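The block underneath contains the structure these notes are about, expressed in C-alpha cells.
Rule-based calculations on the coordinates, nothing more; no lab input. A quick note: this is a predicted structure, and the numbers were derived from the prediction, not measured. Reconstructed Cβ throughout: ideal geometry from the backbone, glycine too, with neighbour counts over all protein chains shown.
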Amino acid sequence: MEIKQPSLIPRIFIFLITLLLCAEAALPPAQAQPGSASEYQVKAAFLYNFAKFVEWPPEALPDDRPFVIGILGQDPFDGLIDEAVAGKTVRDRRIVVKRYSKMEDTIESQILYIGASEGENAIRIAKRIGRAPILTVSDADRFAEQGGMVQLMVEQNRVRFAINVAAVERAGLKPSSQLLKLARIVTGSGANRGVPVHEDYSDLSFQRPLPTATAFRLRNG
C-alpha cells in the first residue's frame, strides 16, 4: 500500500533523499571525527531502503505479520540494524529484525542478510533458498555474480551495491526502476552491464551518525 504524503513536493523531496542514501554512501576516513557514519551503519540503512524499493508478492506478506529482516550467521551490525528500523514501517507493517542460526528458520524473512562470516556458504545458502520470495543480501565476495540477489561492497571508501536481476525476479520480487538505476546490474550469467555514472552524487556525505540521522548533504549542493 502506498503511503500518502501531505503534498507532491515533500513526497518528491523525501523520495530523492532516500535514493541518495541508497546511491553511493561515503564512509569516514580512518581519522574521521566522532559521529561519522560507519560501514555497518550505512549497510543497515541500505537494508531498510531495500524494503521500501522492492515489491514482494502478496502471499509473501500475510496481513497479520510484520516485515522481517533476518540475519543469518554472525551479526556484524551490533544493534545498528535494530536502531535503523526502530519505529519504522513498510507497507503499513512494522519492521522487526530476527537473528537465525539455522537456514531452515529463515523462511519467515522478507530480507535475509547472510553474513560474510559464512564465506563460500553464503552463495550455497542463497541457492538453497532458491525461488522463495526472500531478498538475499550479503557482502560475501562475488555473491551477486554467483547467483545471490544483492551484494553490498566497499569500493573507494564507499558502500555500493550490485543486483542480480534474474535471481531477484525468479523469486517473484520486483525491484523498482529507481533502485536499479543506482545499482551495478549483474545478469544471470554473471556478466556486468556496468555501473551507472552519477557525478552529482559523488560527494555524498553524512552529517550525523546513521541510522538516527535525517540530515545529510551534498558538498557541491
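So the values come out like this:
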quantity: Simple Cβ-charge dipole of the stretch 40-197, Lys/Arg +1 and Asp/Glu -1, about Cα centre, in debye nearest 20; calculated: 440
quantity: For peptides 99-110, 115-126, sequence by mean Cβ density within 10 Å, most packed first; calculated: 115-126, 99-110
quantity: Residue pairs, from the table K127/K181; K98/K127; K43/K88; K43/K181, whose Cα atoms sit over 23 Å apart; calculated: K127/K181
quantity: Rounded FRET efficiency, nearest 0.05, which uses the C-beta distance separating A86 from D63 and R0 of 25 Å; calculated: 0.65
quantity: Global form of the stretch 56-120, assessed from the alpha-carbon gyration tensor, a/c cut-off 1.5; calculated: oblate
quantity: Cα-based shape type of the stretch 40-197, given that a ≥ b ≥ c are square roots of the gyration tensor eigenvalues and the cut on a/c is 1.5; calculated: rounded
quantity: The stretch 40-197: relative contact order in percent, alpha carbon pairs under 8 Å with at least 6 residues between; calculated: 20
quantity: Computed FRET value (nearest 0.05) for R142 with R170, which takes r as the C-beta separation and R₀ as 22 Å; calculated: 0.75
quantity: Length released on extending from S117 to Q178, taking residue separation times 0.36 nm less the Cα-Cα span; calculated: 18.9 nm
